[in-house]
Structures are given as C-alpha cells and as structure tokens.
Amino acid sequence: MKRIHLATAVLAFTMACTAAFAQPVAQKAGDKGYYKDLFMDGGCSLNSYPDLPAADWLGLTMEQLSTAERLQMTSLDTLMQNYLLVGNRLDENGALLYPDGAPRFRVVYVNGGKALGHTKSLTAEGRERFRTFLKNGGSYVGTCAGAFMVAQGSVRDTGYVPRPDYLCIYPGWVVGTGLEKSATGMTVEPGSPLLQYYDFGGDMQIDSIRHNGGCYAYMEENVPEGTEILLRYIGDTLKLKKSIHQKVSAWAWKENAQTGRIVVIGSHPERMVEGDRLELMAALLRYAMDGNGTPRLKGVLKNGETREMVRSTDENDPDFTRIGDRQYHHFAVDVPKGVSEIKVELTAPAKWTDRFDLWLFADGTDYAFRDNARWKDLRHGSDKTLTIPVEKPGRYYISVFCDTTVDTVDTFYGVQYIGRTDVLNGVPYLLKVSW
C-alpha cells in the first residue's frame, strides 16, 4: 500500500478549499450508459498516483490501476495489470470494456512514464482492448508517455521509426523534445476547442507546465486529417539542440462520429491543483468526454419476433451479446400506419429471472435514456412491459438498461470488484415488440 505523502495531504486540503469553485460536468457516466467516468492507467512502466486532481475538481467518478515504481517492477505488477485490463475468468473483457466491446468508462487517462515499456507489458491482447475502447466510442487522454503511445511511432534525424508495439490509435507521428526535468509555458492556439471551457486567465498562455522527456506532434507531413491543434510550446529561451518553440504540444483527433476522441499533451499538467494548469488538465478531460462516440442501435425489432440477447463475449457477435453493468442497449422499431398501440416485453431466460435489475425505456423521437424517455419501467427484477400508444407511424426507440453493478474495495494495485461480480460477463435477456 502506498504511503500518503505530504503532497497528497496538501491536495486534499486544496480540493476542500476550492470545492465551491468546481466545474461540474453535466453528463454523468450512468446517465448515458457508462459504468463510471474515468479510468486512470498507472500500470507497468507508468507513474502511479492515488488520485487525479482535475477529476476530483470536476466531480468525476474514477477508478485507477496502480503499480510499483518503474525501477521496482515485479511479475506481480504485470499479472495484476493484465488481470484487470486484459481480462480474467470473472471479467472476460477487462475493466475497460463491456461484454459486447462497448466502452465501460467515458475516458481512459494514461499517465506519463515509459511508453514502450507499458505498451509491451499490455501484450497484443491488451493493446487491442484500448483500440476497441476507442473504436466503439470511449475517449482517451494521455500525458507525456500517454501521448507517445497513441502514435504510429516517432520521427528522428534518421527518419521515421515505427513502433508497432505502441497503441497506434492516432495515425500520426511524434517527435521527442529532448527536454528533461524542466518546465515550459504554452500558448493556447487561437480557436482552440479548449477555450469553450476556460479562458486560462485571458492571456492565451499557461505558464510553468512540468516537462520530462515528452513529445510534440510531427506536423511537417503525413498529418492525419482532422488533427486539432490545442496548444504550442513556448521554448524560445530554452537552449536545446533543436528548438521546440511553437511546436504543437497538445492536440486532438477523432476519426468519426461513432469513435471516441484522442486528446494528448507532451507535458505533465496532471498533478496541478490550482490555477490555469488545473484548468488545462480539466479541459483536456472535458474535451475528450465531449467527444464520446454517438449511441449505436443493436438492431431494428420486428413485429412479434423475440430478440435473444444471450451471447457471450467469446462468441464475437456484439449485436446479440449480453448487457453489462449500467449499460444501455438501444433498439428501434418502425411502426406502420394503422397501429394504435405497441407492446414491449422484456424478460430473462428462465434460470436468470429476477437475478438482476433490468430497466426498460421507450421514446418516440430519440434514443431512449432515463432522463428523456417518454415511457419507462424501473421496477425491480428483469421482467418488464410497456404499452405505448402510437400517435403517428414511424420510428420508435427502445432501450434496456442494467442497473445491477459491482461494489469495489481499494487494493495496492487499484480497485478490486466484489459483490455482484456475476454482472461483469453480462446479463442475458429477451426483448419482443408486438402489435
């Protein structure tokens, strides 16, 4: 178990003093079908911290992975990391993903440290977990090493150096700064999307951001379409072999509407507890979460046909896979003319009846969530029925939500799940619409 350092105590006091000025994030994890807001990766070869000040300030729900200091790594660190992130018997997908591969958290934040050491320790299967997370709508924030590992590799004097063992979730390249154990200022790019959250004192500059061997985005060629410049280094007084002045220090990229957003920075604002630098880390998290992928339909229901959502992860059929904890599954039904009402029935397979709390929602205009659904059934148990009057023909939206979730206990490596761990591999159900 890590000891509580003086800095941690100061942080707690500072957070308490500034609570009145916290910036709440309106869309919470459970509201939109995520287990929690944030997962912090402090795994093998990365820095590990017990908290994330900006997440506390924003009021985000969070879990984290912690490992030993980088020079004291043991086989146990790798074992526990991959038990949690890659998967295990109780949780086949690992903590980041639901049984159908959808993101279980709104954003994963990756700490600084040694990029290649961490991605190699994840193994090919673990790296694929991150790629699936992003592809299916989860967002990513990385600082320093967390910025390196999103790229295809680095660019050096000798040319491109591919890193196939990186996550390779951003189709661009990075360049090492050569600056260690220092700090830089940064200018906010005119029109930077971060300005929608804070004005950073109004001078378009953020001073003294810790830097230790980080990177910048390579913008000379092969720049992925859609790359957004957020910040640039102020380095005109640094005596480096190659200047980093005005190089892109923070950037973002989102492939399409259904994927998550990548937001990374080559420096270390993550431990800041006040002022512009705290706002910077908060803005990075907020922009990432605002870039979560749009909801997806599991399918269009047909009159009188029962949809069997009973398959397991290893069957590789996400449109018919079981539901996870605090997840939504979305469906649609196209109602023809002449129908006065439709009946929606949610049931569980016989041996699963009433073991879990499944909720049923419906709406006539948009994806059905608890906060907007016109019709809903939130009773305990799994069996639900909605009778919906049809005011006009057209598309109606149906959703199922699993309200049963795990409990957690803190351990030396992060969170351990207890209680209803039987939900982690998914809850099967049957769904039928008829008229």
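Inspect all residues belonging to segment 71-92 and state whether any of them is without any contact (Cβ under 8 Å) to a residue 40 or more places away in the chain and in contact with a strand residue (DSSP E or B) (Cβ under 7 Å, 6 or more places away or on another chain).
Taking every residue of segment 71-92 in turn, none turns out to be without any contact (Cβ under 8 Å) to a residue 40 or more places away in the chain and in contact with a strand residue (DSSP E or B) (Cβ under 7 Å, 6 or more places away or on another chain).
Is it true that residue 170 is closer than 20 Å to residue 222 by Cβ, in contact with a helix residue (DSSP H, G or I) (Cβ under 7 Å, 6 or more places away or on another chain) and of a type outside the set (Lys, Arg)? If you could, list the steps in order and put the result at the bottom.
Details: closer than 20 Å to residue 222 by Cβ: yes; in contact with a helix residue (DSSP H, G or I) (Cβ under 7 Å, 6 or more places away or on another chain): no; of a type outside the set (Lys, Arg): yes.
The answer is no for residue 170.
Taking segment 57-96 on its own, how many of its residues are surrounded by 19 or more Cβ atoms within 10 Å (Cβ to Cβ) and within 29 Å of residue 280 (Cβ to Cβ)?
Selection size over segment 57-96: 14.
Check every one of the strands (runs of 3 or more DSSP E) wholly within segment 170-237 and list those with 1 or more residues that are among the hydrophobic types (A, V, I, L, M, F, W, C) and over 19 Å from residue 146 (Cβ atoms). First the steps, then the outcome.
Values: elements: 174-176, 182-188, 205-211, 215-217, 228-234.
Counting at least 1 such residues, we get 182-188, 228-234.
Scanning for something farther than 23 Å from residue 202 by Cα, touching a residue at least 60 places away in the same chain (Cβ under 8 Å), outside the structural domain of residue 137 (by TED's automatic domain parsing) and basic (Lys, Arg), does segment 312-326 turn up at least one residue?
Yes: one or more hits.
Out of (1) within 30 Å of residue 104 (Cα to Cα); (2) of a type in the set (A, V, I, L, M); (3) over 23 Å from the mean Cα position of the chain (by Cα), what's the single condition that is false for residue 230?
It is condition (3) that residue 230 fails.
Table: residues versus (1) charged (D, E, K, R); (2) surrounded by 17 or more Cβ atoms within 10 Å (Cβ to Cβ); (3) within 30 Å of residue 48 (Cα to Cα); (4) over 20 Å from the mean Cα position of the chain (by Cα).
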{"position": "382", "(1), (2), (3), (4)": "no, yes, no, yes"}
{"position": "385", "(1), (2), (3), (4)": "no, no, no, yes"}
{"position": "388", "(1), (2), (3), (4)": "no, yes, no, yes"}
{"position": "391", "(1), (2), (3), (4)": "yes, no, no, yes"}
{"position": "394", "(1), (2), (3), (4)": "no, no, no, yes"}
{"position": "405", "(1), (2), (3), (4)": "no, yes, yes, no"}
{"position": "409", "(1), (2), (3), (4)": "no, no, yes, yes"}
{"position": "415", "(1), (2), (3), (4)": "no, yes, yes, no"}
{"position": "429", "(1), (2), (3), (4)": "no, yes, no, yes"}
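State whether the residues of segment 348-357 include one that is touching a residue at least 24 places away in the same chain (Cβ under 8 Å) and part of a strand (DSSP E or B).
So the first thing to find is which residues in segment 348-357 are touching a residue at least 24 places away in the same chain (Cβ under 8 Å), and the list is 348-349, 352-357.
Those left that are additionally part of a strand (DSSP E or B): none.
No: segment 348-357 contains no residue that is touching a residue at least 24 places away in the same chain (Cβ under 8 Å) and part of a strand (DSSP E or B).
Please verify whether segment 171-180 includes one or more residues that are under 28 Å from residue 58 (Cα atoms) and in the same structural domain as residue 264 (by TED's automatic domain parsing).
no
Scan segment 221-246 for residues that are touching a residue at least 60 places away in the same chain (Cβ under 8 Å) and within 21 Å of residue 192 (Cα to Cα) and jot them down. Outline the logic, then answer.
We begin by selecting, within segment 221-246, every residue touching a residue at least 60 places away in the same chain (Cβ under 8 Å); these are 240-242, 244.
244, the sole residue that qualifies.
Which count do you get for residues in segment 377-391 that are in a strand (DSSP E or B) and either among the β-branched types (Val, Ile, Thr) or more than 15 Å from residue 434 (Cα to Cα) (or both)?
Number of matching residues: 4.
May I ask you to verify whether residue 83 is assigned to a loop (DSSP other than H, G, I, E, B), at pLDDT below 95, of a type outside the set (D, E, K, R) and over 17 Å from residue 150 (Cα atoms)?
no
Specify the residue that is farthest from the chain's Cα centre (by Cα); the eligible residues are those in segment 143-164 that are closer than 18 Å to residue 281 by Cβ and assigned to a loop (DSSP other than H, G, I, E, B).
144
Going through segment 412-423 one residue at a time, which ones are of a type outside the set (D, E, K, R) and either touching a residue at least 60 places away in the same chain (Cβ under 8 Å) or on the phi > 0 side of the Ramachandran plot (or both)?
At the first step, the residues of segment 412-423 found to be of a type outside the set (D, E, K, R) are 412-419, 421, 423.
Correct list: 412, 413, 414, 415, 417, 419, 421, 423.
For residues that are part of a helix (DSSP H, G or I) and either surrounded by fewer than 24 Cβ atoms within 10 Å (Cβ to Cβ) or not aromatic (Phe, Trp, Tyr) (or both), tally how many sit in segment 109-133.
17
Among the residues of segment 232-242, is there at least one that is modelled with pLDDT of 95 or more and surrounded by fewer than 18 Cβ atoms within 10 Å (Cβ to Cβ)?
Within segment 232-242 (the criterion being modelled with pLDDT of 95 or more and surrounded by fewer than 18 Cβ atoms within 10 Å (Cβ to Cβ)), the answer is no, since none of the residues qualifies.
Among (1) of a type outside the set (Val, Ile, Thr); (2) closer than 23 Å to residue 251 by Cβ; (3) assigned to a helix (DSSP H, G or I), which single condition is residue 106 missing?
Checking residue 106 against (1) of a type outside the set (Val, Ile, Thr); (2) closer than 23 Å to residue 251 by Cβ; (3) assigned to a helix (DSSP H, G or I), the one that fails is (3).
Can you find a residue in segment 273-283 that is within 27 Å of residue 162 (Cβ to Cβ) and surrounded by 23 or more Cβ atoms within 10 Å (Cβ to Cβ)? Let's see the steps before the verdict.
Step one: of segment 273-283, the residues within 27 Å of residue 162 (Cβ to Cβ) are none.
The answer is no; no qualifying residue exists.
Being within 18 Å of the chain's Cα centre (by Cα) and under 26 Å from residue 212 (Cα atoms) narrows it down to one of 106, 131, 127, so name that one.
None of the others qualify; the one that does is 127.
Would you check which residues across segment 327-376 are loosely packed, with under 12 Cβ neighbours inside 10 Å, among the β-branched types (Val, Ile, Thr) and under 15 Å from residue 309 (Cα atoms) and list them?
Across segment 327-376, there are no qualifying residues.
The values are calculated or read from the model by the stated rules, or taken from the named source; none is laboratory data. None of these values were measured; they are calculated from a predicted model. Glycine also receives a Cβ, built like all others from the backbone with ideal geometry; neighbour counts cover every protein chain displayed.
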